[in-house]
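Every number here is computed from the coordinates shown, using simple stated rules; none is lab data. Computed from a prediction, not measured in an experiment: that's the story for all the values here. Every residue, glycine as well, gets a Cβ built from its backbone with ideal geometry; the counts of neighbours run over all protein chains shown.
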Amino acid sequence: MVGRVTDENVFQLRLNELFSGSDRRLTNVAVAQGLLARGCRISTAYLSQLRHGARSNPSDEVVSALADYFDVPLGYFFTIPWSGDRARVHDEDAEIVDHLADQELRQLLRAANGLPATSLELLSNLAAALCISENHRKTPTRTQRPTPGRPKPAPRPRRNNPTDVI
């Protein structure tokens, strides 16, 4: 699942922001046609229900198509826009980062602090991809390392052919 609406009005609010923030006057018909061009069949009535809050839990397919149509990240529809003092929060976050013991992590978080949401999402996706890549290396992971004082298990003989007998 791409996301879940936690506040019934969040999806409605965010969808309507996209309609009103567009350079051209968008209609439900135009957006429904744009979604259909992306392979997502949605009726103008259902889109209207989403915009008015009569429906609030669209399918992953609809959310993905809307995100693609409006060129926003999937999570856009599930986050409440924040209007607080960003400079104060930036400073508070920097203070927390300064107390971390790991120097490399401190450098990374300092560089990321204050980036726009789209850049943070990109950084997060990159970190997730790196984690996957690192876990697929041939080096033993923490759970695979032999415990000190215990003998390593004996290597198993390899079979070259399924008909070979060991």
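Modelled label positions at S59 and A111, each set 7 Å beyond Cα in the direction of Cβ, lie 4.1 nm from each other.
Tell me, what is the FRET efficiency for R88 and A37 to the nearest 0.05, using R0 = 45 angstrom and their Cβ-Cβ distance as r? Efficiency for this residue pair is about 0.55. Global size of region 10-78: 10.6, 27 Å for Rg and Dmax (C-alpha atoms, Rg to one decimal, Dmax whole). Using the Cβ-Cβ distance between A129 and V97 with R0 set to 22 Å, the FRET efficiency works out to roughly 0.45. Charged neighbours of L100, selected by a Cβ distance under 13 Å, balance to -3 (K, R count +1; D, E count -1). Our compactness index for region 86-135, the C-alpha radius of gyration over the empirical 2.2 N^0.38 Å, is 1.25.
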